[in-house]
1. Going by average Cβ density within 10 Å per residue, which order do the peptides 270-277, 207-214, 722-729 take, highest to lowest?
2. Want the number for residue 138 to residue 185: 0.36 nm per residue separation, take away the alpha-carbon distance, what's left?
3. How would you rank 747, 452, going from fewest to most other Cβ atoms within 10 Å of each one's own Cβ?
4. How do 190-196, 147-153 rank on mean C-beta neighbours within 10 Å, highest first?
5. Please work out the FRET efficiency for the pair residue 691 and residue 479, using the Cβ-Cβ distance as r and a Förster radius of 60 Å; give the result to the nearest 0.05.
6. Taking square-rooted eigenvalues a ≥ b ≥ c of the alpha carbon gyration tensor, is segment 111-160 rounded, prolate or oblate, where a/c under 1.5 means rounded and, failing that, a/b exceeding b/c means prolate?
7. Expressed in nm to one decimal, what extension gain is obtained for the pair residue 28 and residue 442 from 0.36 nm per residue of sequence separation less their Cα-Cα distance?
8. Considering the values [x] 33.1; [y] 26.4; [z] 29.5, which represents Kirkwood radius over Cα pairs in Å as calculated for the structure under consideration?
């Protein structure tokens, strides 16, 4: 198959039917574009996991059995927390919180009960029966509070902070924006002089979605504006500015339009699609425009159609290869275990494919109808760029040994940082430390040992003493081995308290009784003395429970650490008692831990798949394994350097940075493809290798340089994001693409001039 001939035939089609092509593009754009307004945003973590994954199944079971796993924690801080006035105010707040839609239950000091030993065994009494009005009543209250076990759970150890835990009925879909609005309206009504802090995953998700919308309104026009400014400086022509970006805008519209037609929600990482297409998708148009302008200058009297034909014949194949490798890189995400990653891979690949197709079809069709390019400003700036590129080519050839030594040493040093690379998917990291979300979680974590919750679902005859002892054994193991687990709560804890209470409060009886009938008796007595609704989060049924859950509270840590806890707990369950009492680890913290493991595995697999496929493609194109190696070398080194740099800077892999390698591999190989392809063309035209390198810099280097700068400038818009990981992501892309661009323009000239590979002379 002669790719050059195909590209020539394609241009002939463009030249004969330019108006029909333009009209067809407008029609398709209108057809797809109106569906953009139907797009919905989704910041949910659960939806980002495979539907069949055990954690998703268990969380759905939690939703069904216990009305959901989502909670809201509201902490109230005051130096006079236990004054009559403040307690009266907080009592009213508790009632108001219970009346909020979707909150099925509130756990607070105002409704908690304690087991009191008496002559009949035990009684159930409120910790705070009524608000104390004098010193005697306060003294009695503090005695009860000290014995209740609520210090560190609902009241901080310094008695300055109290928390309210609301159970959210998430067993059905609800509007998280409306829920957040209602909560903050309530908090604002009671706020002051006390300080209120709100922590809730649904509220965090709503905040993320709101910021996603704000982000897109800011950095899409910013990316376009910065890119257009760069092209104006580069080409000094309105044609060179608008045509590449017109193609990019169309690719964004088509991609989002297809999402609308397919009813695909826009996930958090999906908001990066426009910037990625702006930064990557205009590369093909830049190469066409760059060569067209260069040939127009060198042949002032040449016929416009012939110059365009020469341009397409020259760049058609390399941009086809560049587009193919970029699409392959993102399609490698199909090997990822995360649905959101696979979806992102397909969508970005589609957008890039559209940008490529429109570049080779629409841009020539428009150029055919336009007069020859008119340059804005003087030619001196363009001459400066040409001179710079020519001197760069000569420099990298002259000092080839030194260049390779410096790159090797730098790459080796940076690569050593990989051993420090970690994974963290905590959504709190999306926000700066001064944000309302981070401040609230830090305050709650400081006062109550963390706001992150993990749960373990137990199936079986819950009142069986052996199952209760298994629950106790597992809880003790987790708390003993993992210091970050600060609190635990289970039905086993309640049974032990009742057993001790029934025996005059003797602490030696605070154990699981061996008689099942006795346990049933305790629960029966408890249900008589109390309404029993405090067990709603622990038992699916108070009389004949078939399921129970252990609730664990964790300090704020990296989710890679949580993943270690999950793995250790799973192994302990399997080794000790899974057959007797099946247990499933679930909850928000577990979700984050599972997500971190899947990110690491998916990152490695997709990276290997993309590098191998691209290597094979380049091997076929250049008909040489050496050619395939040279084409992938700068990109591979850049990946190693990127991960090493992240390790040194303590930047974790997360749901955004996991896309870095796809971008780096897909875009980075473009520079090597263009350089090696045009270098071989110059060698075939009779140039010596050194002269061919210089001419490649002069003719093709401009497109490569503008291409790289366009990507860097495009992604610089992410620095203005409200999300910290997105800012970091933008910085890393800019740095890694710069590595790759330098690698192509420095490593390849130096390496080829030393080795003189045979594939260049075929």
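1. On the way: 270-277: 25.9, 207-214: 19.1, 722-729: 21.2.
Those peptides, ordered most packed to least, come out 270-277, 722-729, 207-214.
2. Numbers: separation 47, 0.36 × 47 = 16.92 nm, distance 3.16 nm.
Value of the extension gain: 13.8 nm.
3. On the way: 747 24, 452 28.
Ranked by crowding around the Cβ, least crowded first: 747, 452.
4. Details: 190-196: 13.9, 147-153: 16.4.
The densest-packed peptide leads the list: 147-153, 190-196.
5. Details: r = 72 Å, r/R0 = 1.20.
E between residue 691 and residue 479, to the nearest 0.05, is 0.25.
6. On the way: a/c = 2.18, a/b = 1.34, b/c = 1.62.
Note, shape of segment 111-160 comes out oblate.
7. Working: separation 414, 0.36 × 414 = 149.04 nm, distance 5.00 nm.
This chain segment gains 144.0 nm when fully extended.
8. Correct label, based on the coordinates given: [z].
Computed from the coordinates by the stated procedures, all read-outs in this text should not be read as laboratory data. Note that this is a predicted model, so its numbers are computed, not measured. Glycine gets a Cβ as well: all are built from the backbone with ideal geometry, and neighbour counts include every protein chain shown.
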